[in-house]
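The values are calculated or read from the model by the stated rules, or taken from the named source; none is laboratory data. Model, not experiment: these values are computed from the prediction. Note: ideal-geometry Cβ built from the backbone for every residue, glycine included; neighbour counts use all protein chains shown.
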Amino acid sequence: MYNVLEYLENTAAKYPEKIAFADLEKEITYSGLLARSRRIGARLAREFDKNSPVPIFMEKGVDAISLFFGVIYAGCFYVMMDLKQPKARLEHILSTLETDTVVTDIANAGVLHAMSFEGKILMFEDFDKEAGISEDEIDEILAPVRKKHIDSDPLYGIFTSGSTGVPKGVVVSHRNLIDFMGTFTKTFNITAEDVIGNQAPWDFDVSIKDIFSGISTGATVQVIPKQYFSMPAKLIDFLCERKVTTIIWAVSAVCIISTLKGFDYRVPTSLKKVMFSGEVMPVKHLNIWKKYLPDATYVNLYGPTEITCNCAYHVIDEEYQDGDVIPIGEAFENERVFLLDEEDRPVLPGTNESENKPDDGAKSTLGEICVSGNCVSLGYYNNDEQTKKAFCQNPLNKKYREIIYRTGDLGYYDKQGRLCFASRKDFQIKHMGHRIELGEIENAMYKIPQMVRVCCLFENNRIIAFYKGEIQRAEIVKELKKWLPDFMVPNMLKQIDEFPLNKNGKIDRGVLKEMLSAKGGR
């Protein structure tokens, strides 16, 4: 297979009348999606050169997925954009893509006008017209485009700020996606019998697993409205009524149901697979889910956008206690995941903290998580400097070209030799002469029974712990001193009612920092 369009074409031939995607207002069958995407693609091919980026400014849903595949049929790659992004960010993304053209629809054109957007606006409805183009014309336009396709052509772009704070456009190819998706669906037995409940925004790479798991297997994708994640009763009703079997959500989205005691209202018994990624899953919340859905399969997924969704996974097959670290586990097939220390030496299971030598079964030293294989994306669009920093030759291989992605994440091997996530390199701090992982402090706080959610920051040379839970600060300090040395106990403890989440469903550390600034950091 060289092109993801084969997924759609094969599935439409096998399940023509099966619902492919459904949102609150519309649904579309696989045969309908195929016909509509081809029609849109033929019109788009007249507007964009092959392998050009096509920025899309729409809500996720049936219309957006039709446009995505229309873009692919046109020989281009799609870039979904956040409707609520500031004008400056929008302009930076378009400048990076070297285009001033955006495709939107009637419902969202007003947002662009309100931003005083000065570029060219193309209307989805103009490309979606059923009249005015015949099947023969569509074939005539699309056939030569398809003939020139190769599997290293770009498929989609996703802009992520990462540690630089400047949007970087990760470009993923057809081959990257095909290689990952075949393994992903096989590993977790996703089939045409599944109904996938989509949580992630479509400019966030978690959504790629929802979209293409459906397209490649014939599963149905139910698009959950964003607002339902602040309305647990409606969210659970949606899961129950649409008989969702599989969710692949950000950790904070999973925790919304357990935090707000959604299962006391209703249990979505159709759920069989619960997968989560993006942040560390608190064991406290995992165990609430397992209590109400004991027969479901739970999977901890790991991987940044730059390596096509995920590179490692751990199927949870044992009991974990509060404060335990859930491994990120083993690499997916055809991917290599390994650790490098600060001198680019390999970190192996059981190696000593200081000398990187065998230490008889102890937790290994920390290392940067690195990944190689066909999963590694094409790099950052129009950003050679950042691409060269993160996508580089494997320092352990001097014999031939082997590009790896350096994730910027720190990991270690536990006593069982399983790979575990520690924290971002950005979250490794130097405090009172000691090197500290903020994640280790968070894990210790989760050992306290009253803790619901936790997030630690390091600001103005102080460790600041935000927490949700009914417990006094003095009691927290007393409990933490059972597990942490004094220099790791937070200098400030701030109780909050709810954690702010970004659009991807992760805890928004930027907002937490603003909360500190607003109160003068006291």
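Summary table below
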quantity	calculated
Selected residue (only one of Leu33, Leu8, Leu24 is among the hydrophobic types (A, V, I, L, M, F, W, C), within 13 Å of Asp63 (Cα to Cα) and crowded, with 21+ Cβ neighbours inside 10 Å)	Leu33
Matching residues in the stretch 409-433 - criterion: being on the phi > 0 side of the Ramachandran plot and modelled with pLDDT of 90 or more	Gly417
Matching residues in the stretch 366-409 - criterion: being free of Cβ contacts under 8 Å to residues at least 12 places away in the same chain and assigned to a loop (DSSP other than H, G, I, E, B)	Asn397, Lys398, Lys399, Tyr400, Arg401
Filter result (under 23 Å from Cys255 (Cβ atoms) and not in a helix (DSSP H, G or I)) within the stretch 473-489	Trp483
First in the stretch 497-512 and hydrophobic (A, V, I, L, M, F, W, C), second anywhere and assigned to a loop (DSSP other than H, G, I, E, B), Cβ under 7 Å, 6 or more apart	Leu501/Asp508; Ile507/Glu279; Ile507/Phe499; Val511/Pro500; Leu512/Pro500
Index of the failed condition, Val223 passing every other in (1) in contact with a strand residue (DSSP E or B) (Cβ under 7 Å, 6 or more places away or on another chain); (2) closer than 20 Å to Cys311 by Cα	(2)
Single residue of Lys447, Lys363, Lys468, Lys415 found to be touching a Leu at 6+ places or on another chain (Cβ under 9 Å) and in contact (Cβ under 8 Å) with a residue 40 or more places away in the chain	Lys447
Residue match in the stretch 36-55 (condition: at pLDDT 95 or above, closer than 16 Å to Thr220 by Cβ and either in a helix (DSSP H, G or I) or of a type outside the set (Ser, Thr, Tyr) (or both))	no
Qualifying residue in the stretch 280-300 (condition: under 27 Å from Cys375 (Cβ atoms), aromatic (Phe, Trp, Tyr) and surrounded by fewer than 20 Cβ atoms within 10 Å (Cβ to Cβ))	yes
Failed item, numbered, when Lys234 is tested on (1) touching a helix residue (DSSP H, G or I) at 6+ places or on another chain (Cβ under 7 Å); (2) touching a residue at least 24 places away in the same chain (Cβ under 8 Å); (3) among the basic types (Lys, Arg)	(2)
Residues of the stretch 490-512 that turn out to be under 20 Å from Gln472 (Cα atoms) and part of a loop (DSSP other than H, G, I, E, B), as a count	6
